[in-house]
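In what follows, a single structure is set out as structure tokens and then discussed.
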């Protein structure tokens, strides 16, 4: 079983154990991973094009914020799983 499948199974079990979650567990939400890019200017935004590389000035070892519907819920790190980019939750807010 993949790590993603294990994580999904564990979260499903947690929802099943708490009846209060059953009413809201299927509601959609927007999960975003924020990678802040300090010192980015409108001029750079206007010059964005295909194959443009933007330096985020973000250290590889620094976790990035995860937000649900705009609210900070935790911190994560990027990792490659197969040929896809994934996010591993490292800390809850």
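The values are calculated or read from the model by the stated rules, or taken from the named source; none is laboratory data. These figures come from a predicted structure and were not determined experimentally. Virtual Cβ from ideal backbone geometry, glycine too; neighbours counted across all protein chains shown.
When residues in segment 53-93 are screened for being in a loop (DSSP other than H, G, I, E, B) and in contact with a helix residue (DSSP H, G or I) (Cβ under 9 Å, 6 or more places away or on another chain), 1 of them pass.
Okay, residues lined up against (1) over 18 Å from residue 30 (Cα atoms); (2) surrounded by 10 or more Cβ atoms within 10 Å (Cβ to Cβ):
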residue: 53; (1), (2): yes, no
residue: 60; (1), (2): yes, no
residue: 68; (1), (2): no, yes
residue: 71; (1), (2): no, no
residue: 82; (1), (2): yes, no
residue: 93; (1), (2): no, yes
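For segment 2-20, the criterion of being modelled with pLDDT of 90 or more, surrounded by fewer than 10 Cβ atoms within 10 Å (Cβ to Cβ), out of contact with any strand residue (DSSP E or B) (no Cβ under 7 Å at 6 or more places or on another chain) and part of a loop (DSSP other than H, G, I, E, B) is satisfied by no residue at all.
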